[in-house]
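Participant: Let me give you the structure first, and then I'll get to my questions.
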Amino acid sequence: MTIVVETVSGSLGGIGDCGNGVSAFLGIPYAAPPVGMLRWCPPVAANPWSGVRAVTQAAARCIQHQPYGELEPDNPVMSEDCLYLNVWTPDISSSAALPVIFWIHGGEFFAGSGTEPRYNGAKLAARDAVVVTINHRLGVFGFLSHPELCLESERKSSGNFGLLDQIAALGWVRDNIAVFGGNPHCVTIAGESAGSCSVSALMASPRARDLFHRALGQSCAYFMPERNAMKPLPHEDNAERGVRFMRAAGAKSLAEMRSMTGRQLLDTWLRSPAERFQPCYDNDILPDVDSAFATGRQARVPLLAGWNKEEMGFLRAKFNAKVFFKSVKHAFGDSAEPLLSAYRGDDALESAVALASDRSMVYPTWKWAERHAAHAPVFVYQFDRTPPGSPFGATHACEIEYVFGTLDSKPRDYQREDRALSEHLGDYWVNFARTGDPNGDTLPSWPAYGRDKIVHHLDAVLSSRPLASRARLELLDEIYESGMPAQDG
């Protein structure tokens, strides 16, 4: 059954019932295709259309390589024409005024999309929410800076096109979500990993102000002191990287690079993948995030944020204690020994997993909560559940299927406890989107982080207690604040 809604750009025909009374609208253009002369330009409005446009299947994701294996086996299409979003809703009446969850995918800003099976929004939407997932430009297509681009830009800077895509999609939600039953004044920006970093960036960005009303981040944020972390470069450094890229591509001008195919550009980058293109600090779209939060210049909205117990559990697949601890000493110099002492335990592997997890994902998320708690309500979680059959523990990204209720998108022997936990997480997340507080009548109490620094542990049994690893995180913080690490690790 087709169901039709009227948006600003024209009529859309979606899937009338994809299960549980939820309607799905897949592959909605929120901006014009960023191709040809629009490559490396801010997004512009999609052209209106006449008649009813069918939006019943996923659109192309941004052209990319596949570092994590095939995440979308049923949708292999990749293209620079990728500025599309998806909407799941249980009620298209404009009077429904349902909370909106706006999801930004992970993938280190060079991979992923909003249509991976684990991001299917139908189960979350069935809890009386409107769920939106988006694609945006990635890698060299989304974050190239170059002096020539600065010259043609009114803002005299370049890069951050992928962030501008996210902001454009939020603008589309503001202008259109009411016809899908959503409340444009009750929008939660949410994401995991790079998507969570995007949430912290949007909170700091004046360009995104007033386009959202709550923020939700899973495993990471832009509070990363280490030099080799996935964090923004200064704009000048990013532009220098763009100059090197043009040279590597064999081009002598921006016009020549715009005449190249997307595959040629991707292959050029894959010859030197350490030279990543990702968001950069430009004091316009993206100011320094830590500074913005430290001075209270971020969006002061309720925040729900957390991490997984063993973020870097993947170390268990191939671990060399000697190499790992040597890298810590190289990175931290004189501070390495007290740091290693704080993490030392009976099992060197488990100590390494804990330290690597804190350095990469836990510390930046914790620092985010610490900074923001002075200005708005903050709720912090730790996901402790090991998925059945996983040799890596509660590792990075394993909570996503629990949040979306998409456990069956993975071939695991999930137990009754896993499905009950997934139900609880869906309720917590939708409650937060609705009110700015995850608590509800039938759920175990989740205290605010506040002065007692209470963390809610998500497992077969839900419980809240003070953060056990606080002393270790404070030690890391002290080392980072003193200017460490002195070298790349």
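The values are calculated or read from the model by the stated rules, or taken from the named source; none is laboratory data. What you are looking at is a predicted structure, and each value in this text was computed from that prediction instead of being measured. Here the Cβ positions follow ideal geometry from the backbone for every residue, glycine too, while neighbour counts run over all protein chains shown.
Participant: G13 is checked against (1) under 19 Å from the mean Cα position of the chain (by Cα); (2) not in a loop (DSSP other than H, G, I, E, B) and fails just one. What number does that condition carry?
Facilitator: Single failed check for G13: (1).
Participant: Does A201 meet the test of being within 17 Å of the chain's Cα centre (by Cα), more than 30 Å from S95 (Cβ to Cβ) and in a loop (DSSP other than H, G, I, E, B)?
Facilitator: no
Participant: Show the residue pairs meeting these rules: Cβ distance below 6 Å; 6+ apart or different chains; first residue within segment 146-160 and among the hydroxyl-bearing types (S, T, Y); second residue not in a loop (DSSP other than H, G, I, E, B).
Facilitator: Sorted first by the residue in segment 146-160, then by its partner, the pairs are S157/C150; S157/H235; S158/L149; S158/C150.
Participant: Separate question: Of all residues in segment 396-414 being part of a helix (DSSP H, G or I) and within 22 Å of E108 (Cα to Cα), which is nearest to the chain's Cα centre (by Cα)?
Facilitator: Taking the candidates together, the pick is I400.
One line per residue, one yes/no per condition, for (1) modelled with pLDDT of 95 or more; (2) surrounded by fewer than 18 Cβ atoms within 10 Å (Cβ to Cβ):
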| position | (1), (2) |
| --- | --- |
| P302 | yes, no |
| N308 | yes, no |
| E311 | yes, no |
| A321 | no, yes |
| S327 | no, yes |
| S341 | yes, yes |
| D347 | no, yes |
| A354 | yes, no |
| D358 | yes, no |
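Participant: Going through segment 22-59 one residue at a time, which ones are in a loop (DSSP other than H, G, I, E, B), of a type in the set (G, A, S), in contact (Cβ under 8 Å) with a residue 60 or more places away in the chain and in contact with a helix residue (DSSP H, G or I) (Cβ under 9 Å, 6 or more places away or on another chain)?
Facilitator: If the condition is that a residue be in a loop (DSSP other than H, G, I, E, B), of a type in the set (G, A, S), in contact (Cβ under 8 Å) with a residue 60 or more places away in the chain and in contact with a helix residue (DSSP H, G or I) (Cβ under 9 Å, 6 or more places away or on another chain), then A31 is the only one that fits.
Participant: Output yes when any residue across segment 93-100 is assigned to a strand (DSSP E or B) and of a type in the set (A, V, I, L, M, F, W, C), and no when none is.
Facilitator: Yes, because at least one residue in segment 93-100 is assigned to a strand (DSSP E or B) and of a type in the set (A, V, I, L, M, F, W, C).
Here's the yes/no breakdown for (1) assigned to a loop (DSSP other than H, G, I, E, B); (2) of a type in the set (A, V, I, L, M, F, W, C); (3) under 23 Å from A126 (Cα atoms); (4) free of Cβ contacts under 8 Å to residues at least 60 places away in the same chain:
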| residue | (1), (2), (3), (4) |
| --- | --- |
| R419 | no, no, yes, yes |
| F432 | no, yes, yes, no |
| R451 | yes, no, no, yes |
| A460 | yes, yes, yes, no |
| S464 | no, no, no, yes |
| L473 | no, yes, no, no |
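Participant: Quickly run through segment 241-274 and pick out the residues that are loosely packed, with under 13 Cβ neighbours inside 10 Å and small (G, A, S).
Facilitator: If the condition is that a residue be loosely packed, with under 13 Cβ neighbours inside 10 Å and small (G, A, S), then G250, S253, A255, S259, S272, A274 are the ones that fit.
Participant: Which ones in segment 17-29 are more than 10 Å from T89 (Cα to Cα) and either of a type in the set (S, T, Y) or exposed (fewer than 15 other Cβ atoms within 10 Å of the Cβ) (or both)?
Facilitator: G19, N20
Participant: Also, quick follow-up: If a residue has to be surrounded by fewer than 19 Cβ atoms within 10 Å (Cβ to Cβ) and either under 18 Å from E399 (Cβ atoms) or of a type outside the set (D, E, K, R) (or both) to count, how many in segment 425-456 make the cut?
Facilitator: The total comes to 12.
Participant: Turning to a different aspect of this structure: Filtering segment 360-375 down to residues that are out of contact with any strand residue (DSSP E or B) (no Cβ under 8 Å at 6 or more places or on another chain) and of a type outside the set (A, V, I, L, M, F, W, C), which residue is surrounded by the most Cβ atoms within 10 Å (Cβ to Cβ)?
Facilitator: P364
Participant: Give the residues of segment 305-332 that are in contact (Cβ under 8 Å) with a residue 60 or more places away in the chain and farther than 19 Å from T395 by Cα, sorted by residue number.
Facilitator: Once the filter is applied, which keeps residues that are in contact (Cβ under 8 Å) with a residue 60 or more places away in the chain and farther than 19 Å from T395 by Cα, segment 305-332 yields S327, V328, H330, A331, F332.
Participant: State yes or no: is E236 at pLDDT 95 or above, surrounded by fewer than 13 Cβ atoms within 10 Å (Cβ to Cβ), of a type in the set (D, E) and farther than 19 Å from L164 by Cβ?
Facilitator: Judged against the criteria, E236 is not a match.
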